[in-house]
Amino acid sequence: MIRAILTEVAIFLIPFIAYAIYLVVTRAALTHRSSWPFRIVAWLLISALALVILSLLLLVHYSGAPPGATYMPARIEDGRLVPGAEK
């Protein structure tokens, strides 16, 4: 679960990191308040949320079992753990 959360946080940070790299490349003051006006931060926030929503939709669409599949949980056979499967 923590990996999924960290992945979404990383995806959320992509626009902000890209803008910070842009500021470094253009030799602008990275930590100066004038380099981060409200309008730019608002657009970065909107694009970050759009990326997170898109990634969640893609995760839902392309992960999981096919429709109609039956989940078989993991079990212990002869003293060893047999992983679950989808039939």
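Values in this text are rule-based calculations from the coordinates and carry no lab data. Predicted model only: the values in this text are computed from it and were never measured. A quick note on method: Cβ atoms are made from the backbone with ideal geometry, for glycine too, and the neighbour counts reach across all protein chains shown.
Worth a mention:
- Calculated diffusion of the range 2-62, Stokes-Einstein form, Kirkwood radius summed over Cα pairs, 25 °C and 0.890 mPa s, µm²/s: 193 µm²/s
- Most mobile listed residue (65, 28, 18) in the chain, GNM with C-alpha springs under 10 Å: 65
- Rounded, prolate or oblate (a/c below 1.5 giving rounded, otherwise prolate when a/b exceeds b/c) for the range 35-74 by Cα gyration tensor: prolate
- The protection proxy used here, the mean number of other Cβ atoms lying within 10 Å of each residue, ranks peptides 56-62, 78-84 as follows, highest first: 56-62, 78-84.
- The range 2-74: relative contact order as a whole-number percent, Cα under 8 Å and 6+ apart: 38 percent
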